[in-house]
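Q: Just dropping this structure here.
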Amino acid sequence: MPGHIRVSRDGTVIWLTIDHPQRKNALTYAMWRDLTQVLGEAASDSGVRAVVIRGAGHDAFSAGADISEFEERRADGTAAEEYDRAVRAAVLALKQMAPLTLACLRGDAAGGGAELALGADTRFAGRSLRMAFTPAKLGIVYGPEETQELIEWVGASRALELLATGRAVTAEEALAWGLVNHVVDDKDLDGAVRDFLEQITHNSWEAVRRTKQMVRRLMVGESPESPELRRLVYEAYVYGDYGERVARFLGKKRP
C-alpha cells in the first residue's frame, strides 16, 4: 500500500500522521506534495489553533525521503533540485503557518524527517527517538537553507559533526542540544502532547498567535524596534479578548 498523509481533527487541533510504516514512514515525492497541501488547508482554516504531526506506528516518526524513488526522482542535479523544492515547500508550510505546530517523535527521525521535525514550533520526543541528519551517507550535500537552520539550532561545530558523521543522537542528547523541547517515556508521549495543547486552550488565541509571529520575525533578524512588531503588541488590546479576560479575572477576585 502506498504511503499517504492521514488527517484527523479534534476540535481546534489537526492531527497529521505520516502513514508509510512499511518504509519507516519515509515520504515519497507525492507525500511531500500532499503534506504541503494539507498544511496549507489547515493554515487557511481560522478555527485551527494547533497542528500535530506524527508518524504511524511506534518505530519511526519518519526515515526521511523515500530512497527507493531516488534513481528516478533524483537522477541528476536538475531532478534533485525539483525534488528538494517539494521537500522545502512542505517544511516551510509547517514553519510559516499561524497555528502552533508540534512534532510528536518516536523512533527514527532521519534525513528529511529530522528536517521536518525541526520545522515545528515544539518537539516532544519519546525515549526511543534517534534523530539523524544523513545526506552524506548518500553522497548528498545538505542545502544552504537547511544547513544554516541546523547551525542556528546547535552551532556550527555540532552541525558539522551531525552532517559529517550522520550519526543518530538519542532523545537525551537531542534535548541537551536543543533539538527537542521535551522527552518522556514513549507510552506517555501522546498524553504529554495533549496536556500541552490543553494549556494553550486556556490562553488567548489572539495573544498566542501574535506571540508566535513575534518570535518567528525576531528569529529571522527583524529589529525589536520595528513598528510592525510594536503593532503586534498594542493591536492585541483592540482586536483580541483582552477586555473580556481582564473583566473575568477581576470578577473572580471580587469578594
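Q: Give the residue that is modelled with the lowest pLDDT, with candidates limited to residues of segment 233-254 that are assigned to a helix (DSSP H, G or I), of a type in the set (Lys, Arg) and exposed (fewer than 10 other Cβ atoms within 10 Å of the Cβ).
A: If we take residues in segment 233-254 being assigned to a helix (DSSP H, G or I), of a type in the set (Lys, Arg) and exposed (fewer than 10 other Cβ atoms within 10 Å of the Cβ), then Lys253 is modelled with the lowest pLDDT.
Q: Just give me the residues in segment 81-114 being within 16 Å of Ile67 (Cα to Cα) and touching a residue at least 40 places away in the same chain (Cβ under 8 Å), in sequence order.
A: Those that are within 16 Å of Ile67 (Cα to Cα) and touching a residue at least 40 places away in the same chain (Cβ under 8 Å): Tyr83, Asp84, Ala86, Val87, Asp108, Ala109, Ala110, Gly111, Gly112, Gly113, Ala114.
Q: Still on this structure, I have one more. Out of all the residues in segment 1-17, which are of a type in the set (A, V, I, L, M, F, W, C) and touching a helix residue (DSSP H, G or I) at 6+ places or on another chain (Cβ under 7 Å)?
A: Scanning segment 1-17 gives Ile5, Val7, Val13, Ile14, Leu16.
Q: A further question follows. Among (1) under 19 Å from Ala93 (Cβ atoms); (2) not polar (S, T, N, Q); (3) not in a helix (DSSP H, G or I), there is one condition Gly57 misses while meeting the rest; what is its number?
A: Of everything listed in (1) under 19 Å from Ala93 (Cβ atoms); (2) not polar (S, T, N, Q); (3) not in a helix (DSSP H, G or I), Gly57 misses just condition (1).
Q: Among (1) among the polar types (S, T, N, Q); (2) crowded, with 17+ Cβ neighbours inside 10 Å; (3) under 20 Å from Ala125 (Cα atoms), there is one condition Asn181 misses while meeting the rest; what is its number?
A: Every condition holds for Asn181 apart from (2).
Q: State whether one or more residues within segment 66-86 are assigned by TED's automatic domain parsing to the domain that holds Gly166 and within 22 Å of Asp186 (Cα to Cα).
A: No, every residue in segment 66-86 fails to be assigned by TED's automatic domain parsing to the domain that holds Gly166 and within 22 Å of Asp186 (Cα to Cα).
Q: From Glu41, Glu82, grab the single residue that is in a helix (DSSP H, G or I), of a type outside the set (Val, Ile, Thr) and more than 19 Å from the chain's Cα centre (by Cα).
A: Glu82
Q: Same structure again: Being more than 28 Å from the chain's Cα centre (by Cα) and either in contact (Cβ under 8 Å) with a residue 12 or more places away in the chain or in the same structural domain as Gln148 (by TED's automatic domain parsing) (or both) is the filter here, so list the residues in segment 215-244 that pass it.
A: Correct list: Tyr242 only.
The values are calculated or read from the model by the stated rules, or taken from the named source; none is laboratory data. Computed from a prediction, not measured in an experiment: that's the story for all the values here. Every residue, glycine as well, gets a Cβ built from its backbone with ideal geometry; the counts of neighbours run over all protein chains shown.
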